[in-house]
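Some notes on the structure that comes next.
The values are calculated or read from the model by the stated rules, or taken from the named source; none is laboratory data. Since we're looking at a predicted model, the values are computed, not measured. FYI the Cβ positions are ideal-geometry reconstructions off the backbone, even for glycines, and counts take in every protein chain you see.
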Amino acid sequence: MTAKIETTKRVPNNASAKAHAETPQMMPGAALLLKVLEAEGVEVIFGYPGGAVLPIYDEIFKSNAVRHILVRHEQAAVHAAEGYARSTGKVGVVLVTSGPGATNAVTGLTDALMDSVPVVCLTGQVPSHLIGTDAFQEGDTSGITRPCTKHNYLVKQSADLQRSIEEAFHVARTGRPGPVVIDLPKDVQMLDAPYIEGGVWQDTPHRYRPTISPDRAAIKKAVQMMKAAKRPVIYGGGGLINSGPEATANLRRLVEVTGWPTTLTLMGLGAMSADDPHFLGMLGMHGTYEANLTMHGCDFMLNLGARFDDRVTGRLNAFSPNSIKVHADIDPASINKVVQVDLGIVGDVKETIAALLEEMKAQNFAPNAKALSGWWEQINGWRGKNCLAYEQKSSIIKPQHAIERLYQMSRDREVFVTTEVGQHQMWAAQYFGFHQPNRWMTSGGLGTMGYGLPAAVGTQIAHPDATVIDISGEASFLMNMQELSTISQYRLPVKVFILNNEWMGMVRQWQELNHGSRYSESYTASLPDFTKLAETFGMTGLRAKKVEDLEDVITTMLETDGPVIADICIEKEENCFPMIPSGSAHNEMLLSAAEESNATVSEEGKILV
Amino acid sequence: MLDTTQTERHTLSVLVDNEPGVLARVVGLFSGRGYNIESLTVSEVDEERHTSRISVVTSGTPLVIEQIKKLLARLVPVHVVEDLTTGPAHVERELALVKIVNQGSDRVEALRVADSFRARTLDSTLNSFVFEVTGNSSKISAFIKLMESLGTVEIARTGVCGMTRGNTIDLIDAD
């Protein structure tokens, strides 16, 4: 299975005559790479040099077309590219060296795979003739990254170079987006390779053809089901964001036409405005009471670009037991994976919603007004529980209050929020309102602590004039804090808002609930003084110890032109509520700490993560 | 709704670009997600187009089989995934080489059994044979079982390859 593939092998007969007529220009592989990157519209690369990519760095030195951002760790390069991609809808590009450069990137690649983020990662490789000899900084990059990428390439022939890079971009950005690795042996970077202006890659009828347009018959059937709905819910996910602004515009139109209650996953936040009265808030483990009970009690569920993640469904055999389920997803493998649905619609969600709207018109769709108003009445009853209520009583800062104030005080700005992973992430999802897509960058599927700071780097690079806030926890922050150096170098005005409780808060919360409050290794000891840390990197360091300090700190942080670390000392024992304990169903939520103390988690539940 | 409990055996025929790593990609998909591979055969089938056919026999609930087919189909170098088991009638064949070491009447009986299974004798010594037998998997298994009762055996099986009956070309790849 090692047959080489010639460049022109799969170019079909109808390939543009131009590509054939032109004689290829010969140039070193590294120069060709930059040419193709430019042609693909790449403006920024996040990377870290090393022996096996020096020819590419040499070309970057000579070129003005592509800007290189030097990170301080390869994992951060991928997260930065993810932040860039998620906040712009473009492909994020990473350049790292062989061996440790590639292995360090693996966490970022897996993160991008889980959250469907379009990333192209270029890795250096030892020269072809040394592959397999345990050469210095050799690693089996294509082997290691095969399961954590959408696709990967090891380019052994210069003749394959242009087509491989072009196809990599196509694969990364189309269909269900994802990370693609191109492993480039050093000799391939240096030897002359044929370059054809205008590109050589051609779509072929059999290789990689994602379904974009939904099946008409399925759309017809879906609308018939929608017409019968009495207690409907729209459950939207990250696919709405990946599909682009048109998808969220279509969603808003759909919600307007139907008047249906709508909930969004962690990855889908911003697809509709948090202020929209139809929005029930996020659903799932730390979702709102009304969102989860609506999901549990509905008789019709329209899933738009979400994937029934276990954080969303809770106990599967009790998940929305009495509903007809329609699932629209661009990835056929997401349909009927964990939840069996009554109808699957494969296609790009923006086109699916557009087709639904069109078909609804054709079938004279009108929501069942009487049933719907009764349903809303019930939902409003759940809303009345006010499940996100908290009391800011003493002078100790409640984390919920800190996020809520941050949200309110930054509302008139163009704000992008990134997070790390843990309690602060859930509080940010619950208390920070998002009104537009691409404003919220968080690690959902993989749950990567240390994601937020480098993601903020990438986001700020893409939006130099915007306010980019990394809502962080002190434990997550320590995981990639070397990126402070990157922030400092490029004078990125990133605001790091650390909810500091001196705990790995979510770990502690689970130990409290599932392990008899035996807090094994979850205390974050020996923390640095974050304000001094900021100063050593030439940033502004701020601290809020009491609730009285909070507003001043937030104001100063937002008004400071440069980067800021704001150390927010929050109530240490606070936990995230509401919560569906693992192994429980949507209608078995814990609303408060008082309920938590009475809660028992089943043995089956404790096994779940 | 698909049955979630019954395990079924399916033979899948997968046409792929013959490029480095494609087999690892297919195998990794099974191992990474905990699916079974009962047998796997792979070889280039179209030199000009550089395509290979992978025949894989797997087992799982209908839900899992559906998932496997979708996951295979979304791999970049995969052209077509055909489920021979659910499709129109198909033929399946497997080839096995069976070495048997024995003597006396068992040796005579082994030769007689081989004859009735239409096995060919590829090699012979005074106390051993190597038989080549083809057929569907159950025939091969039956043959092996009989041989095992007649002596010490060593087995090499190719795994199943198959295609649909009739005059249609299923894994069409014309461009």
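Details
Residues are listed down the side, and each one gets a yes or a no for (1) surrounded by fewer than 23 Cβ atoms within 10 Å (Cβ to Cβ); (2) within 18 Å of the chain's Cα centre (by Cα); (3) polar (S, T, N, Q):
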{"site": "A:247", "(1), (2), (3)": "no, yes, no"}
{"site": "A:252", "(1), (2), (3)": "yes, no, no"}
{"site": "A:256", "(1), (2), (3)": "yes, no, no"}
{"site": "A:266", "(1), (2), (3)": "no, yes, no"}
{"site": "A:277", "(1), (2), (3)": "yes, no, no"}
{"site": "A:290", "(1), (2), (3)": "no, no, no"}
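- Counting the residues of the stretch B:22-36 that are in contact with a helix residue (DSSP H, G or I) (Cβ under 9 Å, 6 or more places away or on another chain), surrounded by 14 or more Cβ atoms within 10 Å (Cβ to Cβ) and facing another protein chain (nearest Cβ under 10 Å) gives 4.
- For the stretch A:82-176, the strands (runs of 3 or more DSSP E) that sit wholly inside it and include 2 or more residues that are away from chain B (no Cβ under 14 Å) are A:92-96, A:119-125.
- Some residue of the stretch A:221-234 being among the basic types (Lys, Arg) and in contact with a helix residue (DSSP H, G or I) (Cβ under 8 Å, 6 or more places away or on another chain): yes
- Residues in the stretch B:46-88 that are facing another protein chain (nearest Cβ under 10 Å) and farther than 21 Å from residue A:333 by Cβ: 6 in all.
- Only listed residue being away from chain A (no Cβ under 14 Å) and under 30 Å from residue B:19 (Cβ atoms), chosen from B:39, B:43: B:39
- Pairs, first surrounded by 15 or more Cβ atoms within 10 Å (Cβ to Cβ) in the stretch A:381-392, second charged (D, E, K, R), C-beta under 8 Å, six or more apart: A:382/A:290; A:383/A:290; A:385/A:290; A:387/A:290; A:390/A:398; A:392/A:398
- Subset of the stretch B:113-134 that is within 14 Å of residue B:156 (Cβ to Cβ) and among the charged types (D, E, K, R) - its residue that is surrounded by the most Cβ atoms within 10 Å (Cβ to Cβ): B:132
- Matching residues, the stretch A:301-317, being surrounded by fewer than 21 Cβ atoms within 10 Å (Cβ to Cβ), away from chain B (no Cβ under 14 Å) and more than 19 Å from residue A:591 (Cα to Cα): A:309, A:310
- Test for residue A:470: is it surrounded by fewer than 23 Cβ atoms within 10 Å (Cβ to Cβ) and touching a residue at least 40 places away in the same chain (Cβ under 8 Å): no
- In the stretch A:569-609, of all residues being modelled with pLDDT of 95 or more and touching a Pro at 6+ places or on another chain (Cβ under 8 Å), the one that is nearest to residue A:486 (Cα to Cα) corresponds to A:570.
- Some residue of the stretch A:128-139 being modelled with pLDDT of 95 or more and within 29 Å of the chain's Cα centre (by Cα): yes
- Scanning the stretch A:308-336 for residues that are touching a helix residue (DSSP H, G or I) at 6+ places or on another chain (Cβ under 6 Å), of a type outside the set (A, V, I, L, M, F, W, C) and within 19 Å of residue A:213 (Cα to Cα) yields one hit, A:332.
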